[in-house]
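Written below as structure tokens is the structure these notes are about.
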Amino acid sequence: MTEKPETGKNSITISGDANVRIGALAQGDSATAWYQQDRVWEPSGRERDELQTLLRDLDEAVRREASGLADPAAVHQEVEKVSAELRRKQPDRGRLTRQLTRIAAAAGPAVEIAAAAATLGRAIAGS
């Protein structure tokens, strides 16, 4: 049997099997919370051209090294998700970073794929 956690006037209890996303949370006497939302990113035409070139490099690396991947279809699907996100007027950097991380992890020993994903990730982060 699981014991119920102690609670008091200044406590927060989160339990169960759930995801909790909190921008800012403060609890208790004199507590403060601060939240900064990422600024909106709208790549310029030149930036989009550079990102599309790097995306093409990644896609080509996936095609060349597909035989060494455990699930090439899943990796290709993630590349397609990156492509779709980059086509948006204001792409979400966080989503792109997560997608590229999944691609690099799925690449396993396919170093060329991981390197292409990292290069695209750095370009996205630095834009």
Self-check item: Restricting segment 99-127 to residues that are more than 24 Å from residue 46 (Cβ to Cβ) and free of Cβ contacts under 8 Å to residues at least 24 places away in the same chain, the residue that is farthest from the chain's Cα centre (by Cα)
Solution: 111
Practice problem: Determine whether residue 69 is modelled with pLDDT under 95, surrounded by 13 or more Cβ atoms within 10 Å (Cβ to Cβ) and either over 30 Å from residue 14 (Cβ atoms) or touching a Gly at 6+ places or on another chain (Cβ under 7 Å) (or both). | Solution: yes
Quiz item: Any residue in segment 79-98 that is crowded, with 16+ Cβ neighbours inside 10 Å and more than 25 Å from residue 43 (Cα to Cα)?
Solution: no
Quiz item: Does residue 70 qualify as being part of a loop (DSSP other than H, G, I, E, B) and in contact with a helix residue (DSSP H, G or I) (Cβ under 9 Å, 6 or more places away or on another chain)?
Solution: yes
Self-check item: Residues satisfying the stated conditions in segment 31-76, i.e. farther than 18 Å from residue 99 by Cα and aliphatic (A, V, I, L, M)
Solution: 31, 33, 40
Quiz prompt | Answer residue from segment 64-94, given it is among the basic types (Lys, Arg) and touching a residue at least 12 places away in the same chain (Cβ under 8 Å) and is nearest to residue 126 (Cα to Cα) among those | solution = 93
Quiz item: Is there a residue in segment 58-79 that is closer than 18 Å to residue 119 by Cβ, charged (D, E, K, R) and under 15 Å from the mean Cα position of the chain (by Cα)?
Solution: yes
Quiz item: Could we say that residue 22 is loosely packed, with under 10 Cβ neighbours inside 10 Å and either in a loop (DSSP other than H, G, I, E, B) or at pLDDT 80 or above (or both) here?
Solution: yes
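The values are calculated or read from the model by the stated rules, or taken from the named source; none is laboratory data. This structure is a prediction, so every number in the text was calculated from the model and none was measured. Please note: Cβ atoms are built from the backbone with ideal geometry, for glycine as well, and neighbour counts cover all protein chains shown.
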